[in-house]
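The values are calculated or read from the model by the stated rules, or taken from the named source; none is laboratory data. The structure presented is a predicted model; accordingly, all values stated were derived computationally and were not measured. Glycine also receives a Cβ, built like all others from the backbone with ideal geometry; neighbour counts cover every protein chain displayed.
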Amino acid sequence: MRKSVRRALASVIIVVFTATAPAYADVNSLSSSHTASERHAIGQVRPDTFTTTPGEPARGSVTYYRYDVINLKKTKNWTNTKKQLGACKVSKGVGGSCTISQGYSVGTDVSVSLGANVKDIAASVGFNIHYSANGSVSWTSPAISKKSSVTYKAYSIGTKATYQIRKMKGVKTLGQKKTRWTTVGTSGTLTAFSPNVGFDIKK
């Protein structure tokens, strides 16, 4: 049975420090060979720089990159048909039963996008990226008529998660209290799977 679990929001933040070095020209240090107008032009500060005085700290900013997991939905006891654990077949004209006897080890899968870290997103989804379900399949089919041919397959079961990743950029100018956040991008729908010990049989 599939059940939906409530939506959740989680964030992963990366911090980048940047600084703008002071840039200015000392008009008084220019050669006397320069005209008054040249000395004035050289001494002007470009629009992307600023003047400073000795002892004044350089202005700068802190840039944050945050990865939000949004629109998170989970389905428990979900059969993952991409992870087959074993199979057996009863051929037409033979009839009888077939048996699946197979050990397995199924790991956790987590999809990422926009440069997000797999381990961080797994934690935000609520999965342990290092977890594996280990067990064995021991199953025998019911008796099948000679008139039929049937193949049985054993699949992994567990919890499926669907979600999106939203990348946010925050810039905070040093000395200011507020951080200005903007959305860099939003991924399409991604999936993750955390296995359980057990299996499901399908024809």
Which number in (1) over 22 Å from the mean Cα position of the chain (by Cα); (2) at negative phi; (3) not in a strand (DSSP E or B) marks the one condition that F199 misses? (3)
I'd like to know if the range 118-135 contains one or more residues that are closer than 20 Å to N80 by Cα, more than 13 Å from the chain's Cα centre (by Cα) and either modelled with pLDDT under 95 or among the hydrophobic types (A, V, I, L, M, F, W, C) (or both). yes
Contact list please: Cβ distance under 6 Å, first residue in the range 92-118 and on the phi > 0 side of the Ramachandran plot, second residue small (G, A, S) and not in a strand (DSSP E or B), pairs at least six apart or on different chains. G95/S145; L114/S187
Given (1) modelled with pLDDT of 95 or more; (2) in a strand (DSSP E or B), number of the condition S113 does not satisfy: (2)
Filter result for I201 (under 17 Å from T99 (Cα atoms), of a type in the set (A, V, I, L, M) and either free of Cβ contacts under 8 Å to residues at least 24 places away in the same chain or surrounded by 15 or more Cβ atoms within 10 Å (Cβ to Cβ) (or both)): yes
Report yes if A123 is aliphatic (A, V, I, L, M) and surrounded by fewer than 17 Cβ atoms within 10 Å (Cβ to Cβ), otherwise no. yes
Residues being basic (K, R) and at pLDDT 95 or above: count how many of those fall in the range 59-108. 6
Looking only at the range 60-107, how many residues end up being among the hydrophobic types (A, V, I, L, M, F, W, C) and closer than 25 Å to A192 by Cβ? 6
So, in the range 108-120, of the ones that are within 13 Å of F193 (Cβ to Cβ) and either in contact with a Phe, Trp or Tyr (Cβ under 8 Å, 6 or more places away or on another chain) or of a type in the set (F, W, Y) (or both), which residue ends up surrounded by the most Cβ atoms within 10 Å (Cβ to Cβ)? V110
Out of the residues in the range 146-185 that are in a strand (DSSP E or B) and of a type in the set (S, T, N, Q), state the one that is nearest to the chain's Cα centre (by Cα). Q164
